1. On alpha carbon coordinates alone, what is the Rg over Rh value for the chain, Rh being the Kirkwood radius?
2. Can you tell me the length gained on complete extension of the stretch PHE486 to VAL31, counting 0.36 nm per residue apart and subtracting the Cα distance?
3. Using DSSP, restrict attention to beta bridges with both residues in the chain and report what percent are antiparallel, rounded to the nearest 5.
4. How large is the helix-only mean residue ellipticity at 222 nm for the chain, computed as the sum of -39500 (n - 2.57) over DSSP H runs with n ≥ 4, divided by its residue count, in deg cm²/dmol to the nearest 500?
5. Work through the residues other than ASP271 whose Cβ is under 14 Å from its Cβ and net out their charges, Lys, Arg +1 and Asp, Glu -1.
6. Under the 0.36 nm per residue contour assumption, what length would be gained going from the current alpha-carbon distance of TYR348 and CYS209 to full extension?
7. Looking at the chain, identify the longest residue range that excludes and avoids all chymotrypsin sites (Phe, Trp or Tyr not before Pro) in DSSP loops having at most 16 other Cβ atoms within 10 Å.
8. Just want to confirm a number: the relative contact order over the stretch 1-62, from Cα pairs under 8 angstrom separated by 6+ residues, in percent.
Amino acid sequence: MHPLAQLDQRYVWHPFTQMRDWLRQEPIVIVDGRGAVLRDVKSKEYLDANSSIWTNLHGHQHPRINAAIRRQLGRIAHSSALGLANEPASLLAKQLVRVANPRGIGETKLEKVFFSDDGSTALEVALKLAYEFTKRTRGRKREPRFLSLAGAYHGDTVGAVSLGHSDLFHKAYSGLLFKTDKIPAPYCYRCPFNRAKPQRADARMYRNCRHECVSLAARAFRAQARRGNSYAAFVFEPLMQGAAGMIAQPEDWLRDVSAIARDHGTLLIADEVMTGFGRTGFGAPLSSSTRSPQPSNQTPAQVSLFASHHEDVQPDFLCVAKGLTGGYLPMAATLTTRGVFDAFLGEYEEFKTFFHGHSFTANQLGAAASLASLGLLNGAASLGARQILQATLRNELENLWQIPQVGDIRQAGLVAGIELVRDWRTREPFALKERAGIRVCEAMARRGVLTRPVGNVLVLMPPYCTTPRQVRKITTAIHDACAEVFR
């Protein structure tokens, strides 16, 4: 075993990892990365098929982001945002407000940016702001209440965990949490109201239902209103629920449920930690019949970077992290409206201040990396590359329907989830103890492709620089790994 692997196993406790399993074999130790490729301590190369857990946008060692960080290092790495401002964070806030308010998307305008450290804290900020705003502006005697989706995951701080409904991750902490309500996620593949028999296609495309998921949402909002305490906020991941199992929402679901929430005076909190900054691609899916995908004539100004906008939904709180810095540094932001901001204005002695903060809020290195990343995203070269990647991914995923254990393939732009089942004809799932998803990912790693499953759902979320040839290597690795594991 390599000495670095020995040190890891002796001292490091890894997140979301059964450490008994971890200690049974030598871990992969990454020491280098270029573009979509990672290299381990033994000089073996791997494709980074999930962008290092959904963070890396443009590839590793991007020269423009590297240069931006070096320039900032030549000036200052960090100074406190408590009582001080700084140049890159101020410029970044302006750019975030600009890209978060595309023309023609709702009447809500996001004008203020609160910086924090990661996705959990971005959601924690939105939760606390919505809570206080509701109490201050609506004069309610009863405590504000929140609504989210079944299976939701919004982070690991106590408030973010309370907003989620993922027993697998958070059941152990139930005694620490406050109660929130949930409505069914629009999980077409396993929806009890979907009367369609399984087909070799995305379940959203052949579902047979009466949109009961929307009706149940409307019923929940009405029931809470009858109690005289309409929900303070509805929290959601737009288009694709990540840690819930890569659950892709059918067209118009978010638009319809958000309209119901608005009708009841409920604020909208969009968790775009995973989906933001172009991850969900372009509003209309590119044709799977395009065997030689080419970029369209769309300009950067015509393409929103946020999934909510694909459904014409503008939230009251937009939470971003992960890809904010291009995947280089931990940084997050919560964008909100002037109305929310104004509710916290007052004289010093009134204590209307938002009493929340982080030591590295508005960190200069993170802000410099984020500005460089936004510059890349808004360029025509990135736009074209993302369109080609989206179309190539769609085309290559079609080949995976040949695998008997592939039950559903769900794609939203540059994100895909491949659900493994015992038999696609019955949708019978593998038991978690069989570790089907993990075993397939281990077999993929032996073939030079790295990703990590969510249960028995394989996650594909490659960096935007991933080439068509590399996408084909990823899907070929899935095909061959499944053949090895399920033979």
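Please treat every number below as a calculation from the coordinates, not as lab data. These figures come from a predicted structure and were not determined experimentally. A quick note on method: Cβ atoms are made from the backbone with ideal geometry, for glycine too, and the neighbour counts reach across all protein chains shown.
1. Numbers: Rg = 22.3 Å, Rh = 23.4 Å.
When Rh is taken as the Kirkwood radius, the ratio is 0.95.
2. Details: separation 455, 0.36 × 455 = 163.80 nm, distance 3.21 nm.
Going from the current span to full extension adds 160.6 nm.
3. 70 percent
4. Rounded to the nearest 500, the figure is -10500 deg cm²/dmol.
5. Every neighbour counted, the sum reads -4.
6. Stretched out fully, the TYR348 to CYS209 stretch lengthens by 44.5 nm.
7. 17-177
8. Details: 55 pairs, mean separation 15.0, N = 62.
Averaging sequence separation for qualifying contacts and normalising by length gives 24 percent for the stretch 1-62.
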